[in-house]
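Let me begin by presenting the structure, written as structure tokens, before commenting on it.
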Amino acid sequence: MIEDRKNLPLCIDLDGTLISSDSLLESVLNLVKQKPWFLLILPFWILRGRNFFKNKTSSYVLPNVGEFPYRKEVLNFIKEEKAKGRKIVLATATVQPIADAVQAHLGLFDEVLGSSENQNLRSSNKASILVAKFGEKGFDYAGDTPPDLNVWRKAAGAILVNTSIQLTLKAEKNGNVIKTFRTEKSGLKLFIKEIRIYQWLKNILIFLPLFMAHRFLEPQLFFQVLTAFISFSLSASSVYILNDLLDLEADRLHPRKKNRPLASGELPLISGFIGFPLLLLLGIGSSFLFLPLEFSLTLITYIILTTAYSFIIKRIYILDIFLLSVLYTIRLLAGAVAVNVPVSKWLLAFSVFLFFSLAIVKRYTELKVMLEENKTKTSGRGYFVDDIGLLLNIGPASGYMSVLVFALYIYSNEVIHLYRHPAMLWPVAMCLMFWITRIWFLAHRGKMTDDPIVFTSKDYVSYIIGLIIALLVVGAAL
């Protein structure tokens, strides 16, 4: 029993055990975020071996250990055992500087053992070091991965932390498993949550040019635009993963974003490293196989811009909201080139002003949260809390300008050719004005989520307004 093991040192692994993340991958992300050109150098470091790779990476950058997703149940267990007088040892394959930083942050360990340039403290190497220090069967060890089997075999007691069923069965064959920590979470559900399928709602804009051209009843064109929607959505999800990987530390400081699968540590970082290129390949590949070249080039432009946003632009105030509005407009262009229909200049002008307003809603909401938490500046963004009043002036004004563009559109030549009763479009302008005003009222009252488009998908009033607009547009066309 755990209670009877006071004289046995308790040795704790770091990655996947004490924290639900990987310190090496976090270091790589920090390095790439700060110095993107190192992406060209990293493969050469990897070829020289894992130990060289992680020591070289740590020589340039160290992760913020204070923001690691520590496993609360493991931390509580360590504190309980330390209170009993047990010696607590951090025995990790991560580099010594990171291990020392963890100790400096937590202050729970009596001894800290990490990897050096000459030795990777992993698997049999870790087992040998611990046996040399405490003797065979002279310590308990908590780990989580197959390489830990070699350590568990030499330990008096094995503590399993969120191990797979197969690894648990192998460890139990040694007959020394004394405690198991397990978090029952579906990896597939977490991955689906990470790729944010609900955000695909934004890509419905791809259908709009076909509907505006009144050609949505043509089966071949509808199939093409549906394929474009799927291709665009897969690519967008890959960028969401990349953005979350690069924003780990900032998201962990955010009251809501800290619960995202990667930021919280519930989804392993390796899932993000694999998921990002896989979804990107599926998205771009399907566009080249089934859609016009112009769509593929538009999609690649979108990916380049969103990647630039993730790395640089989102930290530059004003430019970030301009780019967010452009990204919405690119969706309209993508829908047009996917089915080779002309995109209305009125629609483009309308979308620029409307989505600029909604992008400001997003930033305004973030500042509102920061204001409530008495913070002066957003983490990873270029805005100060004092900017909130200025955004409140600019945002609604841009939204109303989109309504003005729509009102002018009613008297254009395009409307005469497409609609038999253009006057029925005037109530559409009123509905848009009502919806924009309501969105800003809700944002000002602190009832808006981070993304107004996602909020709209869950808002019954928006559904009612959307239905009224649809009926009015159909009535105007008939």
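No value in this document is a laboratory result; all are computed from the given coordinates. Note that this is a predicted model, so its numbers are computed, not measured. Heads up, the Cβs are rebuilt from the backbone with ideal geometry, glycines too, and the neighbour counts pull from every protein chain shown.
Beta bridges assigned by DSSP with both partners in the chain are antiparallel in approximately 10 percent of cases.
For the peptides 320-328, 234-242, 109-117, the ranking by packing is 234-242, 320-328, 109-117, with the highest mean count of neighbouring Cβ atoms within 10 Å listed first.
Put simply, the amide H of G138, placed in the peptide plane, has neighbours under 5 Å in A156, leaving out anything fewer than 5 places away on its chain. When only Cα pairs below 8 angstrom with a gap of at least 6 residues are kept, segment 1-134 shows a relative contact order of 30 percent.
Assuming 0.36 nm per residue, please report the length gained on full extension of the stretch L293 to R215 beyond their Cα-Cα distance.
So the chain would gain 26.0 nm between L293 and R215.
Along segment 316-328 the Karplus relation, 6.51 cos²θ - 1.76 cosθ + 1.60 evaluated at θ = phi - 60°, assigns HN-Hα couplings of 9, 5, 6, 4, 5, 6, 4, 5, 4, 5, 5, 5, 5 Hz to successive residues, with x for each Gly and Pro. Spin-label model, L408/R182: points 7 Å from Cα along the beta carbon direction are separated by 6.5 nm.
Amide hydrogen proximity for F181: with H placed 1.01 Å from N in the peptide plane, the residues at 5 or more positions away or on another chain lying under 5 Å are L160, V161, N162. Once the chain from R445 to F44 is taken as fully extended at 0.36 nm per residue, the excess over their C-alpha distance is 139.1 nm. Here the Karplus curve 6.51 cos²θ - 1.76 cosθ + 1.60, taken at θ = phi - 60°, turns the phi angles of segment 41-53 into couplings of 9, 3, x, 6, 5, 4, 4, 8, x, 4, 5, 4, 4 Hz, with x standing for Gly and Pro. As a length-normalised measure over Cα pairs under 8 Å and 6 or more apart, the relative contact order of segment 186-312 settles at 31 percent.
About the centre of its Cα atoms, segment 188-477 shows a dipole size close to 380 debye [charges on the beta carbon of Lys, Arg (+1) and Asp, Glu (-1) only; nearest 20 debye]. Using a simple spin-label model with pseudo-atoms 7 Å out from Cα toward Cβ, S59 and F223 lie 5.8 nm apart. Protection proxy ranking of 30-41, 66-77, by the mean of other Cβ atoms within 10 Å over each peptide's residues and highest first, is 66-77, 30-41. Among the listed pairs K193/K314; K6/K54; K84/K137; K87/K137, those with a Cα-Cα distance over 25 Å are K6/K54.
For segment 252-258, backbone phi angles converted through the Karplus equation (6.51, -1.76, 1.60; θ = phi - 60°) give residue-by-residue couplings of 5, 8, 8, x, 10, 5, 5 Hz, Gly and Pro being listed as x.
Once the gyration tensor of the Cα atoms in the chain is diagonalised, the equivalent ellipsoid follows with semi-axes of 53, 23, 20 Å, ordered largest first.
Between D386 and S164, the modelled labels are 5.5 nm apart [label points 7 Å from Cα along Cα→Cβ]. Picking from I453, Q220, V474, whose Cα lies most toward the positive end of the charge dipole for the chain (charges on Cβ: Lys, Arg +1; Asp, Glu -1)? Going by the charge dipole, the pick is I453.
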